[in-house]
1. Given 20 °C and 1.002 mPa s, how large is the Stokes-Einstein diffusion coefficient of the stretch 144-183 in µm²/s, with Rh as the Kirkwood radius over Cα pairs?
2. How large is the accessible surface per residue of the stretch 57-168, computed with a 1.4 Å probe and reported in Å² as a whole number?
3. Amide H to amide H, which residues 5 or more places from ARG43 or on other chains are under 5 Å from it, using H placed in the peptide plane?
4. Counting only protein heavy atoms, what percent of the accessible surface of the stretch 153-213 is carbon or sulfur at a 1.4 Å probe?
5. Multiplying the sequence separation of ALA2 and GLU101 by 0.36 nm and subtracting their Cα-Cα distance, what value in nm do you get?
6. Please give the Cα centre distance for the stretch 137-176 versus the stretch 68-116, rounded to the nearest Å.
7. Give me Rg over Rh for the stretch 34-80, both radii from the alpha carbons and Rh done the Kirkwood way, two decimal places.
8. If packing is taken as the average number of other Cβ atoms within 10 Å across a peptide's residues, how do 1-11, 109-119, 60-70 rank, most packed first?
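The values are calculated or read from the model by the stated rules, or taken from the named source; none is laboratory data. What you see is a predicted model; the values in this text were computed from it and never measured. No Cβ is skipped: glycine too gets one built from the backbone with ideal geometry, and neighbour counts run over all protein chains shown. Accessible surface areas use protein heavy atoms only, side chains included; no ligands, DNA or RNA. Shrake-Rupley method; radii C 1.70, N 1.55, O 1.52, S 1.80 Å.
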Amino acid sequence: HATLKELYIGDFHCEETELNWSFAGNLEPLCKGLPKLEELVVRSGGLSGGTLAFPNLKSFTAISGQIGPKTLGDFANAKWPKLEKLSIQLGREINGKEAMEALQPVFKGKVLKQLKHLWLGNYHLTDELCEVLATAPILKQIDELDLSQGTMGDEGAAALAAASARIALSLLDVSENYLSDDAINSLQGIAKSVEASDQEEDGGDPEDRYKSA
């Protein structure tokens, strides 16, 4: 399939099998067989990256609850110079320190020069992620930041709001988190449009927060 431009791996529903029971395997062999691929979606309970090089890929989406630090690092270091959209469902299988270290190549903005949309959602440590993103060079480059379906509270919002002088997004999506009205209002200064629907309640205890998916 040397001319294939779009590929979706994992197009099944829960009546067929649970997401976490599936495994997509290693993505590396796809690189040689699909040189013109522009959009890749991988939906799987488990997957591994390998050495990834897609010269024409513009959009990559990973939907999984079990992405480990090695695989996340493979995504962050992949050679896809034309990538405009990077979407990763982080899940719970990786702790904050491992995730932040693995994503450093993306955060530094030195690899993905064409990146405009960044989704790091469905994460159980979104406040920690916000603190790192607030000073990350990549936020000067992208137009859209999606942190939906996570556990962001007012602390994470405050970290982003404090960086309003250097962030000018077209869209910030923080829907399905744990934000107060005041926190949502504080984010208006960093994006032309802020999507903040379907906020959850933690009863005043951050330990009771859980990611949406």
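1. Details: Rh = 10.5 Å.
Result for D is 204 µm²/s.
2. Values: 4310 Å² over 112 residues.
Using a 1.4 Å probe on heavy atoms only, each residue of the stretch 57-168 averages 38 Å².
3. ILE9, GLY10, ILE63
4. Working: 1400 of 3220 Å².
Heavy-atom surface of the stretch 153-213 belonging to carbon and sulfur, 1.4 Å probe: 43 percent.
5. Numbers: separation 99, 0.36 × 99 = 35.64 nm, distance 3.45 nm.
That pair, ALA2 and GLU101, stretches by 32.2 nm at full extension.
6. Taking the Cα centre of the stretch 68-116 as reference, the centre of the stretch 137-176 is 17 Å away.
7. 0.95
8. Values: 1-11: 12.3, 109-119: 16.9, 60-70: 19.9.
Packing proxy ranking, top to bottom: 60-70, 109-119, 1-11.
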